[in-house]
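What follows is a set of notes on a single structure, which appears directly below.
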Amino acid sequence: MSNNVEYKMPTDPTELEVFERIDSYVIPNDMKETLRFYDDWADKYDDDLDVVEFKGISQATTTMLRFTSSEERTRSDFTILDLASGTGRCGKALRDSGFKCIIDALEANEAMNKKASKKGVYRNLTVHVVTPTTKLPIEDKSYDIIVCTGGFSRTHIQSECIKDVVRVLKPGGLFWFCVRNTKQAENFNKEVEDVLSQLTSSGEAEMIIRQEFGYYVYKAEVKESSETVSIPGLERCIRKLK
Ligand SMILES: C[S@@+](CC[C@H](N)C(=O)[O-])C[C@H]1O[C@@H](n2cnc3c(N)ncnc32)[C@H](O)[C@@H]1O
């Protein structure tokens, strides 16, 4: 059963089953439960996301292509961190779209990370739970780009952690991430905006992109006819200035 009454669920039974699994991301109450949730999902995750496509990844690659030159994408010292990399779908998409540079992965769940390592797209894969009270196990100013597709939410990485993400970006580096833009995520998105305005008003970062896109898109029965439902997401990209 879905926990969400904001949008219509898919009509296709397979899509519905998958979507209900995806939508259960709100259930965990703490990080321990989130880790268990992904322990249970790791084996099915890639198959599920082939059924109901998560558009955050194509949005991330499109935007990153827009903000990088082909010279940067092929440079051996140009570095990308895929944060909350899961089974490595975003890293793979970046590779497939021409990012031949270094891509590292950092992910909380061991089982998801094992799947990612099999994709053969990352230089280093680190298992680490990102929290507001522990620093990322990464030196300051290490990465040109950090992408995070679906890793920030109330039950995942907290908004406060954005500050430490910025610490490990090189000056001029980009941090791209996406969050659902639903009623359920309203408070979380407010927290994100607070952190981002602290960073922009202190001159540490500037906002490059903040726009809505279709996070998940599928067919559903709406008023007795089949319509395309688009669950909104927000893509945000900031540039570190100092
Ligand atoms: C919805 S999945 C997205 C995975 C991948 N980025 C993708 O687009 O397919 C969210 C991922 O975030 C990871 N995650 C959740 N909380 C985390 C945390 N505090 N630190 C690091 N990773 C976390 C989960 O283990 C899971 O693999």
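Key figures
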| item | result |
| --- | --- |
| Amide hydrogen neighbours beyond the local backbone of Y143, cut-off 5 Å, H modeled | L169, K170 |
| Under-5 Å amide H pairs with L125, H placed in peptide plane, nonlocal only | A105 |
| About the Cα centre, charge dipole magnitude for the stretch 117-189 (Lys/Arg +1, Asp/Glu -1 at Cβ), debye | 220 debye |
| Beta bridges per DSSP with both ends in the chain, % antiparallel, nearest 5 | 60 percent |
| Two-site FRET efficiency, L16 against E186, from Cβ-Cβ distance with R₀ of 30 Å, rounded to 0.05 | 0.75 |
| With 5 Å bins from 0: P(r) over the chain, alpha-carbon pairs, percent | 1, 6, 14, 19, 21, 17, 12, 6, 3, 1, 0, 0 |
| Fully extended contour minus Cα-Cα distance, from R210 to E110, at 0.36 nm per residue | 32.8 nm |
| GluC sites (Glu not before Pro) within the stretch 104-197, DSSP loop, no more than 10 other Cβ atoms inside 10 Å | E139 |
| Distance in nm between pseudo-label sites at K242 and T134 (7 Å out along the Cβ direction from Cα) | 2.8 nm |
| Net dipole in debye of the stretch 186-234 [+1 Lys, Arg Cβ; -1 Asp, Glu Cβ; about Cα centre; nearest 20] | 160 debye |
| Simple spin-label estimate for K219 and T62 in nanometres, 7 Å along Cα-Cβ | 2.2 nm |
| Segment S117-T200, length gained on full extension (0.36 nm per residue, minus Cα span) | 26.3 nm |
| From phi via Karplus (6.51, -1.76, 1.60), per-residue ³J(HN,Hα) for the stretch 86-101 in Hz, x at Gly/Pro | x, 8, x, 5, 6, x, 5, 5, 4, 4, 4, 9, x, 7, 9, 6 |
| Derived scalar couplings ³J(HN,Hα) [the stretch 145-150; Karplus, 6.51 cos²θ - 1.76 cosθ + 1.60; whole Hz; x for Gly, Pro] | 9, 10, 10, 9, 9, x |
| Amide H within-cut-off set for I208, under 5 Å, with H built and near neighbours excluded | C237, I238, R239 |
| Simple label model, 7 Å out from Cα along Cβ direction - K170 to K141, nm | 1.1 nm |
| Length gained when the stretch S230-D50 is fully extended (0.36 nm per residue, less Cα-Cα span) | 63.1 nm |
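Every number here is computed from the coordinates shown, using simple stated rules; none is lab data. Predicted, not measured: the structure shown is a model, and the values here were computed from it. As a convention, Cβ positions derive from the backbone with ideal geometry for all residues, glycine included, and neighbour counts pool all protein chains shown.
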